[in-house]
1. Pairs, please: C-beta under 9 Å, at least 6 apart or cross-chain, first residue without any contact (Cβ under 8 Å) to a residue 12 or more places away in the chain and in the range 49-64, second outside any helix (DSSP H, G or I) and surrounded by 10 or more Cβ atoms within 10 Å (Cβ to Cβ)?
2. Which of the residues spanning the range 1-27 are of a type in the set (Lys, Arg) and surrounded by 10 or more Cβ atoms within 10 Å (Cβ to Cβ)?
3. Would a scan of the range 28-48 turn up a residue that is at pLDDT 85 or above, in a loop (DSSP other than H, G, I, E, B) and surrounded by 10 or more Cβ atoms within 10 Å (Cβ to Cβ)?
4. Which one of the conditions (1) in a loop (DSSP other than H, G, I, E, B); (2) at pLDDT 80 or above does ARG56 fail to meet, given that it meets all the rest?
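The values are calculated or read from the model by the stated rules, or taken from the named source; none is laboratory data. Predicted model, so just to flag it, every value in this text is computed and none were measured. When we count neighbours, we look across all protein chains shown, and the Cβ atoms used for this are built from the backbone with ideal geometry, even at glycine.
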Amino acid sequence: MKQSQKIIFRTSPELKAFVREFAEKNGMDTSDFLRLILHYYFMAFFTKQGSYREIRERFFQLYPPDEKSKKKGK
């Protein structure tokens, strides 16, 4: 097996908490969840099943921002 590599990026505390909570509720750790998200995105992108905008719109229909995020302009 090849040695795994890390991808590190900065995000807001709210997004970090969301990712952690969503992953835990689905029986995954954050690494598993984010790998799944990347695989899903590129599968949809390369098979032309949806653009970034369409995927984003569907996501926010399912998981609308809370009132606190709306006040911050997010």
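1. ARG58/GLY50
2. Restricting attention to the range 1-27, the residues satisfying the condition of being of a type in the set (Lys, Arg) are 2, 6, 10, 16, 20, 25.
LYS16, ARG20 - these are the residues of the range 1-27 that are of a type in the set (Lys, Arg) and surrounded by 10 or more Cβ atoms within 10 Å (Cβ to Cβ).
3. Yes, some residue in the range 28-48 is at pLDDT 85 or above, in a loop (DSSP other than H, G, I, E, B) and surrounded by 10 or more Cβ atoms within 10 Å (Cβ to Cβ).
4. (1)
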